[in-house]
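Here's the structure we're looking at; comments come further down.
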Amino acid sequence: MNRRERRALAKATRLDPRAVQYVESYKCPDCDSVAGEVTRDQHGVHHATILHDPTCPRLNGITH
Ligand SMILES: [Zn+2]
């Protein structure tokens, strides 16, 4: 990977503060969830982990 590619990758994977803010403000309607890690892949797509309570019905895939 050359310098130009490294810089492009760093730019694509830099977190958008608006996305981070959205994830931090997200609350599961069924439990007392907390926001986990926010990442951004090489395509510029953000990924967020929401940590639900172990008893949350959403963990069973019934609702989304
Ligand atoms: Zn939940």
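The values are calculated or read from the model by the stated rules, or taken from the named source; none is laboratory data. No experiment lies behind these values; they were computed from the predicted model shown. A quick note on method: Cβ atoms are made from the backbone with ideal geometry, for glycine too, and the neighbour counts reach across all protein chains shown.
To keep it simple, each residue is scored yes or no on (1) modelled with pLDDT of 95 or more; (2) part of a helix (DSSP H, G or I); (3) not acidic (Asp, Glu).
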position: MET1; (1), (2), (3): no, no, yes
position: LEU9; (1), (2), (3): no, yes, yes
position: VAL23; (1), (2), (3): yes, yes, yes
position: LYS27; (1), (2), (3): no, no, yes
position: VAL38; (1), (2), (3): yes, no, yes
position: HIS43; (1), (2), (3): no, no, yes
position: THR55; (1), (2), (3): no, no, yes
position: ARG58; (1), (2), (3): no, yes, yes
position: THR63; (1), (2), (3): no, no, yes
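Scan (1) within 16 Å of the ligand (Cβ to nearest atom); (2) loosely packed, with under 14 Cβ neighbours inside 10 Å for the single condition ALA8 breaks and write down its number.
Evaluating ALA8 over (1) within 16 Å of the ligand (Cβ to nearest atom); (2) loosely packed, with under 14 Cβ neighbours inside 10 Å leaves (1) as the failure.
Is it the case that GLY44 is at positive phi and in contact with a helix residue (DSSP H, G or I) (Cβ under 6 Å, 6 or more places away or on another chain)?
For GLY44, the condition - at positive phi and in contact with a helix residue (DSSP H, G or I) (Cβ under 6 Å, 6 or more places away or on another chain) - is met.
Search the stretch 18-64 for residues being within 12 Å of the ligand (Cβ to nearest atom) and charged (D, E, K, R), and hand back the single one that is surrounded by the fewest Cβ atoms within 10 Å (Cβ to Cβ).
ASP32
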